[in-house]
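A.B. asks: A single structure is presented below for examination.
Every number here is computed from the coordinates shown, using simple stated rules; none is lab data. Being a predicted model, the structure only gives us computed values, none of them experimental. Here Cβ is always computed from backbone atoms with ideal geometry, including for glycine, and neighbour counts include all displayed protein chains.
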Amino acid sequence: MKLNALLKTLGFLALAATPVVAGTTAPAPKNPIAPAPVNDDLGITASIGYDSNYVWRGINYGQHWVRAGLNGALLLVGGAAEDGAGSTSLLWDVNYGSLAGDQDSFSPNIQRAGGSEGGNAAGIKNTNSFSRLNLGGAISHDFGPASVSFGYSFIHNMGSLANGGGLNQVAGLSGYGMNDIQQLTLGAQTNLGPINLASSANYDLFNGGWYFDVTARSTIAVTDSISIVPHANIGYGINYNAGFTQASRNLIGGGTLGGIANRQQFGLTGFTAVNLGLDFPIKLNSRATLTPYVAANLPMAGLRTFASNASSYGGYGGPQNAFTNLIYFGVTLSVRF
């Protein structure tokens, strides 16, 4: 009798324990958490923009520059560190820009016909076209404390400023204009607290001459979508000529049409300019950013010398505006894909 009671009690306990054992597996939640979205970025950024003046390496090329570009990064070797240190990437960019109003800063103003320059001189004016196509690629490696890159870029100069325009139509004159630029670039960047430092050394394979620069920038967050980015850049050249032909370099250096004055030709060795600016990036959504900016270009002693020497072009109005202090502004719309 006692045995039967004991067996009944054990059977009851076994039945009671069954749902407890089964309950060790948690039931499916009523609202399951969605998996994290896969990063479907192609690593490409497209941009369009406008600059009141096109300033490149301390030189003001002209007014009303419109531009468009594509750039991207392709990861070749992933880094082992959590911050990506040790990774190697292929960087590339394609950019095109043009002076919308053909208002360049170099062309002389020769409006009269006749004279020693011949009848074609009436067609030479100081509003010539200029546009530029830039193709570049580089290999970049992240060492952790700093990243280093080495690349090549091809700059194709176009328009009447580049091909000499009316200067080459003047009787007996030739060779004015600009050559294309083919340069090798060694770059490096690092962070010092909130400041990002970037530097580059550039050698022009076709025209000769070196150009070095250092840029410092920092990002100040105003809101989740608006920031202020102050930045400063300084450049230094060694026999730097910006791709101008020999005839144009003689003229910019203080020569006359068809001749060379007793002044230095344009081939700068020394500091070029200090460029100071404020960017105001505004994040429109997760992919698009609108960035207005204002900047000041302050040519240093070397470039200011050319502003003085080339102020006349032999009495025809030279490119002093290309080498003098300038405040300019612009805006860029960029979209990441």
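A.B. asks: Could you give the length gained on full extension between residue 203 and residue 52, defined as 0.36 nm per residue of separation minus the Cα-Cα distance, in nm?
C.D. replies: Gain in length upon complete extension: 51.5 nm.
A.B. asks: Which of the peptides 128-134, 45-51 is most tightly packed, and how do the rest follow, going by the mean number of other Cβ atoms within 10 Å of each residue?
C.D. replies: Sorting 128-134, 45-51 by mean packing, highest first, produces 128-134, 45-51.
A.B. asks: Go through 240-253, 145-158 and give me the packing order, highest mean Cβ count within 10 Å leading.
C.D. replies: Per-residue Cβ counts within 10 Å, averaged per peptide and sorted highest first, yield 240-253, 145-158.
A.B. asks: Still on this structure: What is the spin-label model distance, in nm, from residue 76 to residue 192 if the labels are put 7 Å beyond Cα along the C-beta direction?
C.D. replies: 3.0
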